[in-house]
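K.L.:
Before I ask anything, let me first share the structure, which is written out below as structure tokens.
Any read-out appearing in this document is the output of simple, stated calculations on the displayed coordinates, not a laboratory observation. Since the structure is predicted, the reported quantities are computational estimates derived from the model, not experimental observations. In this analysis, Cβ positions are derived from the backbone assuming ideal geometry, glycine residues included, and neighbour counts consider all displayed protein chains.
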Amino acid sequence: MWLRASCDLTFDITVATPFILMLRPRSGANQWVSREEYKIEPVVPVFEFTDGYGNLCQRLVAPPGRFSVHTQADMMVADGVDRAPGAPFVEVQNLPDSVLCYLLPSRYCESDHFNEMATEITSGQLLGYDQVSAIEAWLRGAFSYVPGSTSATLSAVEVNARQVGICRDLAHLGIALCRSLSIPARMVVGYLHQLDPMDLHAWFEAYVGGRWYTFDATQPALRGGYVALGYGRDAADVAVFNQFGPPSFATAQAVRVERLHD
């Protein structure tokens, strides 16, 4: 399907503030970007780089006053999400080097705390994809997905104690559970067509059967329409904007995803 996704951010800046943005989707196996807009007001020099996870990032210094960012992209994405019941577990010694970092505990995914819990959740499942599918189903049934229920970024341990959270929270716990079973897992941030309420979205991917597969416990069933902006170990790696200096919170944010021609 063809989608047009856009994001508008507005800030009130008190002093010149360095920003790192992550708002450009890049073409890959599951999406192809055909057109982009990227507007910054007032206009300032912008320098782009690719971070250690392959994400397109932009560096700039926002001047004092009202500062706004507008991005829009037209892209073709998959009509559905690949599922692969029975896809096998990949032994650690056979994993690609680039995947190994997604096995380790990280700031918001304390996977070393969850081995016993993950083993219980996945009991009786074939090693690999079926284990992750069981984790996704358990999260969907045991936790309440309530958009706006948390503002602070919570770790997997904190999410597990609360039993309620937003998309980022459920992704953190899913990632931690996978890693505790030596299944590489990473966070993805981006857009989802027909997300309700519409906003930026987060989900997770697990590496089984020699490739990455999408999992999302916030949705009753997986469907097409996912657009990835960034990949990382957890939310610390995939913030759509980081600012340095006195806090400058977004005073306005608007996200839109619409379906175009097929």
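K.L.:
If you take the charge dipole of the stretch 92-223 about its Cα centre, with +1 on Lys and Arg Cβ and -1 on Asp and Glu Cβ, which of Gly190, Thr214, Val99 is farthest toward its positive end?
P.N.:
It is Gly190.
K.L.:
So if the hydrodynamic radius of the chain is defined as the Kirkwood radius over C-alpha pairs, what does Stokes-Einstein give as its diffusion coefficient at 25 °C and 0.890 mPa s, in µm² per second?
P.N.:
129
K.L.:
Rg/Rh for the stretch 156-262 to two decimals, with Rh computed the Kirkwood way over all alpha-carbon pairs.
P.N.:
Across the stretch 156-262, the Cα-based Rg/Rh ratio is 0.99.
K.L.:
Follow-up question, since we're still on this one. Report, in degrees rounded to the nearest 10, the 0 to 90 angle that the Cα long axis of helix 167-180 makes with the longest principal axis of the chain.
P.N.:
40
K.L.:
Find the percent of Cα-Cα distances in the stretch 80-125 that exceed 18 Å, and round it to a whole number.
P.N.:
Considering the stretch 80-125, 54 percent of its Cα-Cα pairs are separated by more than 18 Å.
K.L.:
Dividing the alpha-carbon Rg of the stretch 50-142 by 2.2 N^0.38 Å yields what?
P.N.:
The value comes to 1.58.
K.L.:
Considering only DSSP beta bridges where both residues belong to the stretch 92-223, give the percentage that are antiparallel (nearest 5).
P.N.:
85
K.L.:
For the stretch 118-262, give the magnitude of the charge dipole about the Cα centre (Cβ charges: +1 Lys/Arg, -1 Asp/Glu; no others), in debye to the nearest 20.
P.N.:
120
K.L.:
Sticking with this structure for a sec: What do you get for Rg/Rh of the stretch 92-223 when both radii come from the Cα atoms and Rh is the Kirkwood radius?
P.N.:
Computed over Cα atoms, the ratio is 0.94.
K.L.:
Roughly speaking, what is the stretch gain from Gln93 to Asp196, that is 0.36 nm per residue apart minus the C-alpha to C-alpha distance, in nm to one decimal?
P.N.:
Result: 33.0 nm gained on full extension.
K.L.:
Run the numbers for Ser151 and Glu48: contour at 0.36 nm per residue of separation, minus the present Cα-Cα distance, in nm.
P.N.:
The Ser151-Glu48 span can extend by a further 34.2 nm.
K.L.:
Right, here's the next one. Based on the alpha-carbon gyration tensor of the stretch 193-249 and its eigenvalue square roots a ≥ b ≥ c, which shape applies: rounded if a/c is under 1.5, prolate if not and a/b is larger than b/c, or oblate?
P.N.:
oblate
K.L.:
Now for a separate question. Which percent of Cα pairs goes in each bin when the distances of the stretch 40-86 are cut into 5 angstrom slices starting at zero?
P.N.:
Spelled out bin by bin, the stretch 40-86 gives 5, 13, 15, 16, 17, 11, 8, 7, 4, 3, 1 percent.
K.L.:
Could you rank the peptides 238-245, 208-215, 224-231 by their average count of other C-beta atoms within 10 Å per residue, with the highest value first? Walk me through the numbers before you get to the answer.
P.N.:
Numbers: 238-245: 16.2, 208-215: 18.6, 224-231: 20.6.
Averaged packing, sorted descending, gives the order 224-231, 208-215, 238-245.
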